[in-house]
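Student: Let me begin by handing over the structure; questions about it come next.
The values are calculated or read from the model by the stated rules, or taken from the named source; none is laboratory data. A quick note: this is a predicted structure, and the numbers were derived from the prediction, not measured. Ideal geometry is used to build each Cβ from the backbone, glycine not excepted, and the neighbour counts take in all protein chains shown.
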Amino acid sequence: MSQRVYIFDTTLRDGEQSPGVSLNVPEKVQIAKQLARLGVDIIEAGFPISSPGDFESVRAIAREVKGVTVAGLSRANFLDIDRAWEALRGAEQARIHTFIATSDIHLKHKLCMTREQVLEAAVAAVKHAKAYTSDVEFSAEDASRSDFDFLCQVLAAAIEAGATVVNIPDTVGYSIPLEWGRLINDICHKVPGIEKAVVSVHCHNDLGMAVANSLAAVLNGARQVEGAINGIGERAGNAAVEEVIMALHTRKDQFGVFTRAHTEEIYRTSRLVSALTGMKVQANKAIVGDNAFAHEAGIHQDGMLKDRTTYEIMNPAMIGISKSNLVLGKHSGRHAFRQRLESLGYVLSKEELNSAFNSFKKLSDKKMNITSEDIEAIIEEEMSRLPHAFALDYLHISSGTAVVPTATVGLRRDGQLSEEAACGNGPVDAICKAVDKITGINCTMISWGINAVTSGKDALGDVNLKVTTDGCKVFTGRGISTDILEASAKAYINAVNKLIWDSMHTEREVGSEK
Ligand SMILES: CC(=O)SCCNC(=O)CCNC(=O)[C@H](O)C(C)(C)COP(=O)(O)OP(=O)(O)OC[C@H]1O[C@@H](n2cnc3c(N)ncnc32)[C@H](O)[C@@H]1OP(=O)(O)O
Ligand SMILES: CC(C)C(=O)C(=O)O
Ligand SMILES: [Mg+2]
């Protein structure tokens, strides 16, 4: 038996049957092109007889999307099949997919047909489709609730009539994996002529077992799996294609099969389908949910930082997700906190880390998402507690068109006020020189910029600047005020405090090496 599993994507047919979803022709073509990039083998582009829009979508996809088989659905009647072929005829590889239910429940209550009539309709439909294309798929709708012998009889007759794929749907998501695996195994062994067809499964998720059932089927001989991206579809949806692909790939030790999917296109495909259908992906959804590669628990984050494989069985890059996400929150620990600080350019001693970590824990009890800005605010607060941190007490500026700009600055450190005055090329330059006189550190300003935080006359000015003393190490400073000179003074003092803090650490590190 071949080890290749064909992926039949029905996002555009069964997926679109999700209540509330309706895709127009360009949207369907866009998704189909992305599905081709993902490397699915068959795209079920629609149900051509169902509406002019669906017909047009199948026709456009058949013409425009190459390198993949394009399928169209039809009931077991000639009109549906003729319409399906009309839509599909421009495809590089076209498949007519015809179906009829085989369960007594459907026969009695829905089709109002006898078993003999269904058998006859199935055979006639396959033969009619076969006159158009060699690639014909036959589905026995509601197979999971069908009488086994009758199901086998219909499948055998469909193969005899020319079906190259026989699809076994769990239409109402009723089966459980053990039972479903056994059914597929029995079909593979008992249906006359089954070796001439690919056995396919189409599982619905009413009991949340669509993917598990699909995989059980693969273990028992199915070589085509049908599903939809993000698991969308009728009622609780279809088997999620991305989950099937990644399960077969990640556990090939168990399945021993392969698909031709380009897994790194999975995430992009999922986002596109979600955006165009308007069906949001739940955060904890396997493979493509926002949390699928996010870690918040401190013990997990520590493990991840030491080796990703401690808590991840798949590399997010394989799915097209750039990297795992260590989310800082109330369950995080010191390792992850320190790592975020280091990525922001802060290196803290053990005591400082502990103190900042305590502030972080208090904040995380109140705030759900801790951002990098929150972390910076915590550190700045920590820095302001340092014995050598300077804080602006007051500022007086004399400036104009006919005077030399002069600044008088008062800074507090450990409660002590120090005052100095200085002249400069402009008022900002004068402020910096006065600050330098107090701190005893001569800094060179590399850049200065201002953004308006709010709008209007009372806008807050957000000054960002960079200073250096040696031309190598650069320290950034930020200050916010409605007065841009005060914002500049605060930003400059902020940068100088970082510089002092850094030199204290460098000294301590050198000292500790001794
Ligand atoms: C399990 C699945 O997902 S099957 C696919 C389901 N998808 C859809 O139904 C979406 C698209 N469907 C539609 O747009 C419409 O249902 C149409 C255009 C196909 C048909 O519309 P209508 O002609 O108005 O019929 P309606 O949908 O009300 O009823 C379905 C008819 O098809 C019959 N039918 C259902 N399945 C089949 C089948 N596989 N083969 C032959 N006839 C079938 C029903 O018995 C019923 O026949 P009746 O009119 O003689 O009672
Ligand atoms: C048309 C068939 C394959 C189907 O969607 C189902 O039975 O769920
Ligand atoms: Mg279905």
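Student: Of the residues Thr269, Thr277, which single one is within 16 Å of ligand 1 (Cβ to nearest atom) and farther than 24 Å from Val166 by Cα?
Tutor: Thr277
Student: Something else: If you take the residues of the stretch 97-110 that are buried (at least 17 other Cβ atoms within 10 Å of the Cβ) and free of Cβ contacts under 8 Å to residues at least 40 places away in the same chain, which of them is nearest to ligand 3 (Cβ to nearest atom)?
Tutor: Filtering the stretch 97-110 for residues that are buried (at least 17 other Cβ atoms within 10 Å of the Cβ) and free of Cβ contacts under 8 Å to residues at least 40 places away in the same chain, the one nearest to ligand 3 (Cβ to nearest atom) comes out as His106.
Student: Pull up the stretch 98-125, narrow it to residues that are within 11 Å of ligand 1 (Cβ to nearest atom) and of a type outside the set (A, V, I, L, M, F, W, C), then point me to the one that is nearest to Ala143 (Cα to Cα).
Tutor: Thr102
Student: Additional query: Which ranges mark the helices (runs of 4 or more DSSP H) fully within the stretch 1-111 that have 3 or more residues being within 15 Å of ligand 2 (Cβ to nearest atom)?
Tutor: Correct list: 78-88.
Student: Before we move on, is Phe8 within 14 Å of ligand 3 (Cβ to nearest atom), touching a helix residue (DSSP H, G or I) at 6+ places or on another chain (Cβ under 7 Å) and of a type in the set (A, V, I, L, M, F, W, C)? Lay out the reasoning, then the answer.
Tutor: Values: within 14 Å of ligand 3 (Cβ to nearest atom): yes; touching a helix residue (DSSP H, G or I) at 6+ places or on another chain (Cβ under 7 Å): no; of a type in the set (A, V, I, L, M, F, W, C): yes.
Judged against the criteria, Phe8 is not a match.
Student: Taking Ile232 and the conditions (1) crowded, with 19+ Cβ neighbours inside 10 Å; (2) more than 16 Å from ligand 1 (Cβ to nearest atom), which numbered condition does it fall short on, given that it satisfies the others?
Tutor: In the conditions (1) crowded, with 19+ Cβ neighbours inside 10 Å; (2) more than 16 Å from ligand 1 (Cβ to nearest atom), Ile232 misses (2) alone.
Here is a yes/no grid of residues against (1) in a loop (DSSP other than H, G, I, E, B); (2) within 14 Å of ligand 3 (Cβ to nearest atom); (3) of a type outside the set (Phe, Trp, Tyr):
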residue	(1), (2), (3)
His128	no, no, yes
Ser134	yes, no, yes
Asn167	no, yes, yes
Val172	yes, yes, yes
Trp180	no, no, no
Glu234	yes, yes, yes
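Student: Here's something else I'd like to know. Before we move on, is Lys33 within 17 Å of Ala91 (Cα to Cα), buried (at least 18 other Cβ atoms within 10 Å of the Cβ), away from ligand 3 (no atom under 16 Å from the Cβ) and of a type in the set (Lys, Arg)?
Tutor: On the way: within 17 Å of Ala91 (Cα to Cα): yes; buried (at least 18 other Cβ atoms within 10 Å of the Cβ): no; away from ligand 3 (no atom under 16 Å from the Cβ): yes; of a type in the set (Lys, Arg): yes.
Judged against the criteria, Lys33 is not a match.
Student: To continue, here is another question. What pairs come up if the first residue lies in the stretch 166-178 and is at positive phi, the second is part of a loop (DSSP other than H, G, I, E, B) and within 13 Å of ligand 3 (Cβ to nearest atom), and their beta carbons are under 6 Å apart, counting only those six or more places apart or on different chains?
Tutor: The qualifying pairs are Gly173/Asn205; Gly173/Asp206.
Matching residues to (1) farther than 22 Å from Ala94 by Cα; (2) away from ligand 2 (no atom under 13 Å from the Cβ); (3) of a type outside the set (S, T, N, Q):
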| residue | (1), (2), (3) |
| --- | --- |
| Ala129 | no, yes, yes |
| Ser134 | no, yes, no |
| Glu141 | no, no, yes |
| Asp147 | yes, yes, yes |
| Ala156 | yes, yes, yes |
| Ser200 | no, no, no |
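Student: Across the stretch 237-253, what is the number of residues that are part of a loop (DSSP other than H, G, I, E, B) and either in contact (Cβ under 8 Å) with a residue 40 or more places away in the chain or away from ligand 2 (no atom under 14 Å from the Cβ) (or both)?
Tutor: The number of residues fulfilling the criteria is 2.
Student: So, one more: May I ask you to verify whether Lys280 is in a loop (DSSP other than H, G, I, E, B), closer than 21 Å to Val29 by Cα and of a type outside the set (Ser, Thr, Tyr)?
Tutor: Answer is yes for this residue.
Student: Quick one: is Arg75 farther than 26 Å from Met279 by Cα and at pLDDT 95 or above?
Tutor: Yes: the conditions hold for Arg75.
Student: From Glu226, Glu234, grab the single residue that is within 14 Å of ligand 2 (Cβ to nearest atom) and touching a His at 6+ places or on another chain (Cβ under 6 Å).
Tutor: Glu226
Student: Counting only residues that are basic (Lys, Arg), give me the helices (runs of 4 or more DSSP H) lying completely in the stretch 307-387 with at least 3 of them.
Tutor: Answer list for the stretch 307-387: 334-343, 350-366.
Student: When the residues of the stretch 11-24 are filtered to those that are more than 16 Å from ligand 3 (Cβ to nearest atom) and surrounded by fewer than 18 Cβ atoms within 10 Å (Cβ to Cβ), which remaining residue is farthest from Ala210 (Cα to Cα)?
Tutor: Filtering the stretch 11-24 down to residues more than 16 Å from ligand 3 (Cβ to nearest atom) leaves 20, 22-24.
Those still in the list that are surrounded by fewer than 18 Cβ atoms within 10 Å (Cβ to Cβ) too: 20, 22, 24.
Numbers: Gly20: 21, Ser22: 23, Asn24: 27 Å.
Ranking the qualifying residues of the stretch 11-24, first place goes to Asn24.
Student: Could you list, in sequence order, all residues of the stretch 238-260 that are buried (at least 23 other Cβ atoms within 10 Å of the Cβ) and of a type in the set (Gly, Ala, Ser)?
Tutor: Residues satisfying the conditions are Ala239, Ala240.
Student: Would you check which residues across the stretch 405-424 are at pLDDT below 95 and surrounded by fewer than 16 Cβ atoms within 10 Å (Cβ to Cβ) and list them?
Tutor: If the condition is that a residue be at pLDDT below 95 and surrounded by fewer than 16 Cβ atoms within 10 Å (Cβ to Cβ), then Arg412, Asp414, Gly415, Gln416 are the ones that fit.
Student: Of (1) crowded, with 21+ Cβ neighbours inside 10 Å; (2) within 16 Å of ligand 1 (Cβ to nearest atom), Ala161 satisfies all except one. Which?
Tutor: (1)
Student: If you go through the stretch 302-324, how many residues are at pLDDT 95 or above and either of a type outside the set (Val, Ile, Thr) or in contact with a Cys (Cβ under 8 Å, 6 or more places away or on another chain) (or both)?
Tutor: Count: 15.
Student: Continuing with this model, one more query. Restricted to the stretch 182-210, and to residues that are in contact (Cβ under 8 Å) with a residue 60 or more places away in the chain and within 16 Å of ligand 3 (Cβ to nearest atom), which residue is surrounded by the most Cβ atoms within 10 Å (Cβ to Cβ)?
Tutor: His202
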